[in-house]
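The values are calculated or read from the model by the stated rules, or taken from the named source; none is laboratory data. Because the structure is a prediction, the values reported are computed rather than measured. When we count neighbours, we look across all protein chains shown, and the Cβ atoms used for this are built from the backbone with ideal geometry, even at glycine. Side chains included, ligands, DNA and RNA excluded: accessible areas come from the protein's heavy atoms. Shrake-Rupley method; radii C 1.70, N 1.55, O 1.52, S 1.80 Å.
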Amino acid sequence: MWGRISAVAGLVLASTLALPGTAVAKPEEVDVPVGTWLAARTHPSVQLTSVSYTADVAVPTPEANLEAIRTLTQQGINAVQSGKISSDENSIYRWVVQQMAKNPGRYFSPGGQERVVEATAGGLCTGWWITPDGYMVTAAHCVGQEDAELAQTFAAQALTKINEKDAADLVASLGDIASDEEILRSAAKIFQIWNAENIKIRNVQSSLSLLQSLPGGGVDKTTKTVPIELVAKGTVYPGKDVAILKVNGQNNLPTVPLGEDSDVRVGDTLYISGFPGTVTQTSIFNLESKLDPAFTEGPYNASRQTPEGVPYIQTQAPSYPGNSGGPVFSKDGKVIGILVGGLIQQDGGSTEGESFVLPVSIVKEKLNEKNIKPAESTTTTAYNEALDLFFQNRYSDALPKFREVQALQPNHPYVAKYISDSQQAITAGKDESGTPILPWLLWGGGGLVAAFVIGTIVAVARGKSRSKGPASFPPAPYGAQPGYPAQLPGGQPQYGQPQYGQQGQPYGAPQQYQQRPPYPLPAGPGETRAVRPQSPYGQPQPQQGGQGPGANTRIAGLEAELEQLRRNMGQRPPEQR
């Protein structure tokens, strides 16, 4: 008889295993592609960063080196006489200008008055939160350029008009050949190179910032520019190209977890998130589109190492300028590195299959130097739980979790859309929550139904005792009254909803009795605990004497009452997970 009673109690207690939030789901468990699952979880922490410079840019007026130009002209005449070039004037000048473009410094020298321009330059990259209070990771080359590199940037962005004027003056000095496109292109190249080599930059000021959403705005037109503080910086690619940033005054930011280098190997699929410049710097798309990260994937091709011994991962996952600094994920959703660079073709385009990733161990080195500890935020914990429910079409269950996220982080860029989508799905009759009422009474109501079941069991046992004399009762190891373990020490409900602890820790220490609790405790971040239902009183002890009259009838009545209760409440058997 005790075996049948234990089975009935186990049936009721087992239903609590179907409660949401007791484990971290995997993509296959919610029946969505890995990329979809990863993008949904990681996009909130991926941010568009900006570095900008202002400076006074000066270049001298170029003076022609007449002797060098005469020598070059004579070489052109010799080339005509030997039949290497045509004898017409355009062909000769074309050849001369092309040779000058190969080494402009030989044919022009600094002289005359400086041309000064108040210039601005900058670039966009990708960063991602690692702590709830505003620490962020990106690439070192995203937060500051070396002097030579900065000079090239200013030359390309700030000297356009000066370059054009110098080229036009040169072509005009050649006479009536301005219509020759090849000469125009070569002349422009001459001064792009020469001005860049002779540029002087003064009064340089730089600033770092990110575009952050405002409450209720999402990643759209309501974003604002937020200043970033540089905390640590490595050496640019091919060095340890990683930087740590800090945005002050932040809390409950969405974060992504760090993995290990060993989490991936050649042949595994890698996933890159970030903001390619092909989108952020075009006028084709609106601002909302530009501020939504792009997600790409591809195989881990090879493990590489620089001559200085810095490790890099080569992947075929597509990336482009602007993706720099973005996180690279394993299929389990952990960061295994940051996107740093890729090979560029001669025409400026990216080479597919040539993206390079700095392993996460280098990122951890830089974090350890500053004693920065990555941590998962309460926002992320609640958001991931809500996403798992959403992907299972359990919209009614997901909705309160999404609202919890919105309360924790009003600036969250995606949660408002998920709340709207969940509400629409419920209205459309697509909700598959079907959460049994009985488990929730067990979980949130302090064990009311459990009390009913256990109380009935106790009554059966006592009825038997009255019929056959005193019987030993199984001990209650948790110090609670038999049949109703309702209160924890301090007056807290035993089976109430889990409470969030301090920032960075998804749950406080689980409240429990002297020994193991009868119900599954909430799992920690990234942790799945397999819990078997247990009787709250340990193993039943054998009773003295035979079975009293009416015992089978009472057991049958209990099973019938439970069955009727399940039908009334619409309970389904717990899903296997």
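Amide H contacts of Gly337 (H built 1.01 Å from N, in plane; Pro and chain starts excluded): Val328, Val360 sit under 5 Å, all sequence-distant by 5 or more or on other chains. Model label sites at Ser283 and Glu197, defined 7 Å from Cα along the beta-carbon direction, differ in position by 3.5 nm.
Please go through the residue pairs Lys224/Lys246; Lys84/Lys161; Lys233/Lys401; Lys233/Lys417 and name each one whose alpha carbons sit more than 28 Å apart in this structure. Lys84/Lys161; Lys233/Lys401; Lys233/Lys417, as the Cα separations exceed 28 Å there. Accessible surface comparison of Thr71, Thr255, probe 1.4 Å, protein chains only, largest first: the order is Thr71, Thr255. Enumerate the lysines that Lys331 could reach by cross-link, defined here as Cα to Cα under 16 Å, with residues fewer than 8 away along the same chain left out. In chain and number order, the partners are Lys26. Pairs from the table (Lys165/Lys200; Lys200/Lys290; Lys240/Lys373) lying more than 23 angstrom apart at Cα are Lys200/Lys290. Using C-alpha pairs under 8 Å with a sequence gap of at least 6, the mean separation divided by the residue count of the range 385-426 gives a relative contact order of 40 percent. What the phi angles of the range 43-49 give under the Karplus curve with 6.51, -1.76 and 1.60, with θ = phi - 60°, is a coupling list of 3, x, 8, 8, 10, 8, 10 Hz, glycine and proline written as x. When both the range 365-384 and the range 387-427 are represented by their alpha-carbon centers, they are found 23 Å apart.
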